[in-house]
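**Student:** I am attaching a structure below and will ask some questions about it afterwards.
The values are calculated or read from the model by the stated rules, or taken from the named source; none is laboratory data. All values derive from a computational prediction rather than experimental measurement. A quick note on method: Cβ atoms are made from the backbone with ideal geometry, for glycine too, and the neighbour counts reach across all protein chains shown.
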């Protein structure tokens, strides 16, 4: 949802992924793949994600560190709330569209009858 508002910037794609799947643990490589960005691009801003508490390490599998969204971070909670608001707007838009279609179909049926 954030990508629709803020664009397809790599940082937005990563934060959107982490918020949408906040309970999933990812390797850095998986984050890059799922966000559809290169691993080099992810490494360019990974330090900022850690610095601002956007991501948090969870556990290691062998030598590989796993990460998830840091929902203890106030900024991430605010972004999640914003994401919910965007979803509500989309739902209301869809309901409005369905109502318009429904009214149009009723008018067609009245004309035919």
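**Student:** Please specify each residue of the range 1-12 satisfying the condition of being farther than 17 Å from residue 75 by Cβ and either in contact (Cβ under 8 Å) with a residue 60 or more places away in the chain or surrounded by 13 or more Cβ atoms within 10 Å (Cβ to Cβ) (or both).
**Tutor:** Quick first cut of the range 1-12, residues farther than 17 Å from residue 75 by Cβ only: 3-4, 7-8, 10.
Across the range 1-12, the qualifying residues are 3, 4, 10.
**Student:** Condition test on residue 31, is it in contact with a helix residue (DSSP H, G or I) (Cβ under 9 Å, 6 or more places away or on another chain), in a loop (DSSP other than H, G, I, E, B), surrounded by 15 or more Cβ atoms within 10 Å (Cβ to Cβ) and at pLDDT 95 or above?
**Tutor:** Working: in contact with a helix residue (DSSP H, G or I) (Cβ under 9 Å, 6 or more places away or on another chain): yes; in a loop (DSSP other than H, G, I, E, B): no; surrounded by 15 or more Cβ atoms within 10 Å (Cβ to Cβ): yes; at pLDDT 95 or above: yes.
Criteria not met by residue 31.
**Student:** List the residue pairs whose Cβ atoms are under 9 Å apart, where the first residue sits in the range 19-43 and is in contact (Cβ under 8 Å) with a residue 60 or more places away in the chain, the second is surrounded by 13 or more Cβ atoms within 10 Å (Cβ to Cβ) and assigned to a loop (DSSP other than H, G, I, E, B), and the two are 6 or more positions apart or on different chains.
**Tutor:** What qualifies is 19/1; 19/71; 20/1.
**Student:** State the number of residues belonging to the range 57-77 that are surrounded by 15 or more Cβ atoms within 10 Å (Cβ to Cβ), within 17 Å of the chain's Cα centre (by Cα) and outside any loop (DSSP other than H, G, I, E, B).
**Tutor:** Adding up the residues that qualify gives 4.
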